[in-house]
Every structure is written in structure tokens, then in C-alpha cells.
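Everything below concerns the one structure shown next.
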Amino acid sequence: MSLVFIGPPAAGKSRAGKRIAQRLKSSYADTDKLFSRDHGAIHEFIPREGEPEFRRLEREIVAAALRDYEVVSLGGGAILDADTQRDLERDEHTVILLVASPAAIEERITGRTNRPLLSGIDSWIATYETRKPIYDRLADLTVDTSFRPMWQVVNDVRRYLKRTNSPLVTRDQGDDETHDTPEVEETAEQ
């Protein structure tokens, strides 16, 4: 059983996944980080090897992460792969879609050069609109991260896990409104 975070680039998947895994005392993987560890920086790999090769290798990493980790944050485009979609549709995975407003995303991506498939907010909007039907179909829960502290996003997910009696939540003994990490003011966009 995996708790899987999906969503557009810069929605906060990595931060939320890492924080909820810490909270639930669960194993965690960020597939973009696993890719970079094995194949080098994504923003360097794609121009050199091409997006099809990136997606092929990404699929292998996603399949292994879904099998080996309890909490997984997927890269924004990982859901484009039909096999990944089938994996996420299985009942053993709880899929959390993180979304954010274009205004929030624009703040997050302005001046960043490590997102090779985005050239600005218009590119992000077009990419998101194309992928949105897939995100929506796969999601068990959608959480908006726009201008919200990360502890609130994490608490939304924790409450959902409790409501659905997820086996992961049995390790979580905290109160919903507790923001017991050093990064109390950390927001989803950071």
C-alpha cells in the first residue's frame, strides 16, 4: 500500500510527501530525486537524451517506488504513462492530487531553471490543462496548496487517511492542528 502524491510541477508534492512520511514514520521516495541520483539532473538529462528516454526511465523508477515505498511523490508528468495510470488505479494505492493556482505557481517557478519542460506560467497552465483529466481521474483526494502553510496541507491528508481507515495512519498519534516541525511557517510553495 502506498500513499502517492501526484500533481502539476511546483504544486508541493515533494515537500508534502516528505513531511507526511516523517509524520507517519513511513518510508519515502521522490521519483524525481531517484531519477537524478541514478541518471543525473533531469534538467540536463532531457535536453541531452530527450523526453521519450526520460519517460522510459522514469516509468521504471516509478514502478519500483510504488512497490518499495509507503509514501511516494511522483514527478508531474509521470502520470502520462499508461502503466503508471493502471498502477495508481489499483485499490492498494491512495492517490493525493496537489494543485495550486496559477498565481501561486508563478511565484514558485519564476527565475527557476531546473524545470526543463516549463518556460513560464503560460507553459505551466498549458501543461496542467492537458494533464488535468488524468490527474482528476486518478485522485482519491485533491488538496489545494496555494499560499497555505505545509502543515495545513499535511493535516488535510492526515484527516483523509483517518476517515478512510488507512493502515498508514495507525502510526500517527498527533493532533490535526499540531505543527510540530521546525518549519512551522513553511508554505507549500517553498
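The values are calculated or read from the model by the stated rules, or taken from the named source; none is laboratory data. All values reported here derive from a predicted model rather than from experimental measurement. These accessible areas exclude ligands, DNA and RNA; they are computed on the full protein's heavy atoms, side chains included. Shrake-Rupley method; radii C 1.70, N 1.55, O 1.52, S 1.80 Å.
Quick notes
- Values of log10 I(q)/I(0), in the order q = 0.14, 0.18, 0.20, 0.23 Å⁻¹, for the range 2-68 under a Debye, Cα-only, solvent-free model: -0.45, -0.72, -0.86, -1.07
- Euclidean distance of C-alpha centroids, the range 36-52 and the range 126-152, integer Å: 25 Å
- Accessible area per residue for the range 37-92, computed on protein heavy atoms with a 1.4 Å probe, is 52 Å².
- Principal axis analysis of the Cα atoms in the range 37-114 yields extents of 39, 31, 21 Å, listed in decreasing size.
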